Amino acid sequence: MKLRERTMKLSDKTLTLLKNFSSINQSILFKKGNSLKTISVMKNILAEATIEENLPTDFGIYDLNQFLNGLGLHQNPDLDFENQGHVVIREGKSRTKYFFADPQVIVTPPDKEITLPTEDVCFELSTSHLDKLLKAAAIYQLTDLAVVGGDGVVKIVVRDKKNDTSNDFSIVVGETQSTFSFIFKVENIKILPGTYDVVVSQKLLSRFTCRDYDVTYYIALEPDSTFG
C-alpha cells in the first residue's frame, strides 16, 4: 500500500462520534474500512456507526479520550499509519508517535449483526425531548428512565423507581393500545444529541437509530421491565 493511502485526516463529525464512543468504553478496536463499533465493558450498550473516512488498517486504542485529547494538540493533523505498531500524528513541525494497544486487552463487540428479537414498541424521540429528559434526571438526581404505555399513550418518565415519593418528569411521545413499562438506567443513555427512531423489544433490548448521524445504539433494558 502506498504511503499516501495510509495517511488520512479525521473529520469533526467522526471526532464527535469517537468522543461519544469513549463514554461507552474507554478503549476501542478500529477495523479497516469505514465502520466503527464499540461495546460497554458490561456489554449492555453497543454502538455502531459508518464514517466518511476509510481506515487503512486495524488498530487498537486503549485510552480513547487520551488519544482524542492528543489530536487536540494540533489544528488539523494528518494521521500516518506507516508502522504496524503505532500511528504518527503530524502537522507542520509538530509530531506525535502514538502506540497501539494489544487487541486482547480491549472489550470488543461481536462480529455478527445485532437484531432485535421482537419489535414491540416504536416511537420518535426528538432532540428537545431527549435534552429535557436528561436535564430533568440531572436536576432531580433521578436514576431511571421508563418508557411507559397506558391510557392510549406512550410516555417517557425519568424517576427513581426505588423511591415511592420520587420526583419525576415525563413527556408523551406517541400512542399505543398496549400496557408496558420498559425501564432503562439513565446512566446507560449514552447517545449523541439528536432525533432518534426508537424500537423496544419486550425481550429487554432496544434500538436507537439517529437521524442526524449514521449511528445506531443497542441498549439493554432492566430485568424488571414489563409488557402486557
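Only the coordinates and a few stated rules stand behind these numbers; no lab work does. Predicted model only: the values in this text are computed from it and were never measured. Using ideal geometry, Cβ is built from the backbone for each residue, glycine included, and neighbour counts are taken over all protein chains shown.
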Can you check how the C-alpha radius of gyration of the stretch 121-227 compares to 2.2 N^0.38 Å, as a plain ratio?
0.99
Can you tell me how much longer the chain between E119 and K162 gets when fully stretched, taken as 0.36 nm per residue apart minus their C-alpha distance, in nm with one decimal?
12.7 nm
Counting each DSSP H run of 4 or more residues in the chain as -39500 (n - 2.57), what helix-only mean residue ellipticity at 222 nm follows after dividing by all residues, to the nearest 500 deg cm²/dmol?
-4500 deg cm²/dmol
When a footprinting reagent is the concern and you count Cβ atoms within 10 Å, what order do M42, M8 take, fewest first?
M42, M8
Taking Cα pairs closer than 8 Å and at least 6 residues apart, the relative contact order of the chain in percent is 18
Given R₀ = 45 Å, FRET efficiency for T226-K93 by Cβ-Cβ distance, to 0.05?
0.15
Say each of Q141 and T7 gets a label point 7 Å from the Cα, pointing the same way as Cα to Cβ; how far apart are those two points in nm?
5.4
Loop-only trypsin sites (Lys or Arg not before Pro) in the stretch 111-143, please: DSSP not H, G, I, E or B, and at most 10 other Cβ atoms within 10 Å.
K112
Between Q177 and Y62, what length in nm is gained on full extension when 0.36 nm per residue of separation is reduced by their alpha carbon distance?
36.7 nm
Please give every one of the lysines within straight-line cross-link reach of K162, meaning a C-alpha to C-alpha distance under 27 Å, and leave out same-chain neighbours fewer than 8 residues apart.
K43, K132, K135, K185, K190, K203
